[in-house]
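Heads up, the thing below is written out as structure tokens.
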Ligand SMILES: NC(=O)C1=CN([C@@H]2O[C@H](COP(=O)(O)OP(=O)(O)OC[C@H]3O[C@@H](n4cnc5c(N)ncnc54)[C@H](OP(=O)(O)O)[C@@H]3O)[C@@H](O)[C@H]2O)C=CC1
Ligand SMILES: O=C(O)CCC(=O)C(=O)O
């Protein structure tokens, strides 16, 4: 879809020129600017205040050397990033991705998405993202610890409980957060909530581990019900087998669905009897093995190489929970042909623009990532509140708050889409609603 509004079209051209080598960032900005066309018509005051130009330029981008020593005594050097995108509505907030594909463009697209996502949660959090091209796969515990300590040795001077609060993302789980927290504490000589996703023994929140996957299902459930459907008795495919995927499967099954497939970056398993989640948890969370090992103990299941083949498995509901652009146009068409009527995104930007066009053209219920996967960062916000108040809420308390937040996000996306004449287009609703809160704050705070 080409931008019709000349002002936004010119702005997008500038973004493309300035960030020419960052296709993921351009993709994320293009989608949002397309959704914001009706806002430009209605809100000339925001154009006057230069909000749109400022929204697409990060407040600060940090890049740094991360030297560490491997188990052979050899010095290794990785590149670290933190993009502090927007502090309009609160301290920068967003995860840290450790994956060999990480470069500035990936961190910028994730930081940009995070600004609008965090706004949708209604909690006071700005947007940021960090990471490194470090590959945790195959590394020993000692190597992971030395890397995390070195990463934090530079990052610590840029973050703080009221400045910037990182968390986990791909490749960064409880173990990595623990090592980073320990190093921060040692360098800063203070025990404050500068990271979320912490262990329960040192300031973490109950439900944070489950939050993104559970939140995805709470959002999807309310979206389905608003359209006369539910998870009950439905066949579901969930890509990935990491943190988001595992807890999305757990909650979808609890809500009555049958999940028949999961994947990792090497391939996917299909278990027509329903995935045995206890086995996946043991393989992935405890033993850190590959998903293909599942079939060794489940003869009724099959394994195939190549992660995108998972979308050829017939399903009613697809929950992409692995990585960006994992569903392209061809995969989206296969999903629709096989009867899939709902795609709800646990991963960040897992659908290409062409795939989204296929969903919208075929009336697929589409839950966009920045709304559907906001439960993780929302619960991080709840962890920050508990840390500030120096108390801990029960599992039930946090879970209920998470559920309320996800239901409100859906309501906000739904009502905003209707108000702008795009009923049922939750992507437009999410982009506009997320933007408006940030935009009002930016306007109120002047040209900064
Ligand atoms: N953790 C959180 O709270 C939140 C995460 N997200 C998003 O959810 C997604 C998953 O994150 P999370 O579960 O935390 O990460 P994990 O590292 O726990 O798991 C990632 C999963 O995705 C797979 N994967 C990663 N890269 C690729 C790739 N290029 N192709 C195919 N599969 C891949 C991994 O397989 P393998 O093991 O082979 O690499 C693994 O199964 C990401 O997009 C993340 O940004 C969004 C909101 C919050
Ligand atoms: O919990 C957080 O702060 C970050 C979660 C995250 O990285 C995301 O929402 O993509």
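State the percent of C-alpha pairs, over all pairs in the range 26-86, separated by a distance greater than 20 angstrom. That tail contains 51 percent of the Cα-Cα pairs. On the basis of the beta-carbon distance and an R0 of 56 Å, residue 286 and residue 42 show a calculated FRET efficiency of 0.60. When you work out D = kT/(6 pi eta Rh) for the range 60-192 at 10 °C and 1.306 mPa s, using the Kirkwood radius from C-alpha pairs as Rh and the Stokes-Einstein form, the result is 108 µm²/s.
Listed by Cβ neighbour count within 10 Å, with the fewest neighbours leading, 68, 393 appear as 393, 68. Taking 422, 349, 406 in turn, the Gaussian network model of the chain (Cα-Cα springs below 10 Å) assigns the largest fluctuation to 422. Under the simplified labelling scheme, the residue 175-residue 18 pair shows an inter-label distance of 3.9 nm, with each label point 7 Å from Cα along Cα→Cβ. Pairwise Cα separations in the chain fall into 20 Å bins from 0 onward with the following percentages, short to long: 27, 60, 14, 0. Its alpha carbons give the range 207-296 an Rg and a Dmax of 13.0, 41 Å.
Just checking the listed ones, 85, 52, 219: in the Gaussian network model of the chain with Cα springs under 10 Å, the one fluctuating most is 52. Using a cutoff of 8 angstrom between alpha carbon atoms and counting only pairs six or more residues apart, the relative contact order for the range 209-372 works out to 22 percent. Its residues counted as N, the range 114-257 yields a C-alpha radius of gyration over 2.2 N^0.38 Å of 1.21.
From helices alone, the chain scores -14500 deg cm²/dmol at 222 nm; the rule is -39500 (n - 2.57) for each run of n ≥ 4 DSSP H residues, then divide by the residue total. Computed on the chain, with alpha-carbon pairs under 8 angstrom and 6+ residues apart, the relative contact order is 15 percent.
The distance linking the range 146-175 with the range 392-448 is 27 Å (Cα centroid to Cα centroid, whole angstrom). Put simply, the C-alpha atoms of the range 169-240 give a gyration tensor, and the ellipsoid matching it has half-axes of 36, 13, 8 Å, longest first.
Here the range 209-372 has an Rg and Dmax of 14.2, 43 Å, counting Cα atoms alone.
For the range 102-148, the square roots a ≥ b ≥ c of the C-alpha gyration tensor eigenvalues yield an a/c of 1.5 or more together with a/b exceeding b/c, which makes the shape prolate. In terms of its alpha-carbon gyration tensor, the range 204-247 comes out oblate; a/c meets the 1.5 threshold, while b/c is at least as large as a/b.
Put in line by how crowded their Cβ is, counting other Cβ atoms within 10 Å and starting with the fewest, 359, 268 read 359, 268.
Could you compute how fast the range 6-55 diffuses translationally, taking Rh as the Kirkwood radius over C-alpha pairs and applying Stokes-Einstein at 10 °C with viscosity 1.306 mPa s? Give it in µm² per second. For these conditions, the coefficient is 142 µm²/s. For the chain, the share of DSSP beta bridges that are antiparallel, to the nearest 5, is 55%. With the convex hull of the Cα atoms taken as the outline of the range 259-334, the averaged projected area works out to 5.0 nm².
The simple Förster model, with R0 at 35 Å and r as the Cβ-Cβ distance, assigns residue 395 and residue 266 a FRET efficiency of 0.55.
By other beta-carbon atoms within 10 Å, ranking 89, 107, 310 with the fewest at the front produces 89, 310, 107.
Values quoted throughout were computed directly from the atomic coordinates according to the rules given, and no laboratory measurement underlies them. These numbers come from a predicted model, not from an experiment. Because the Cβ atoms are built from the backbone with ideal geometry, glycine has one as well, and the counts that use them run over all protein chains shown.
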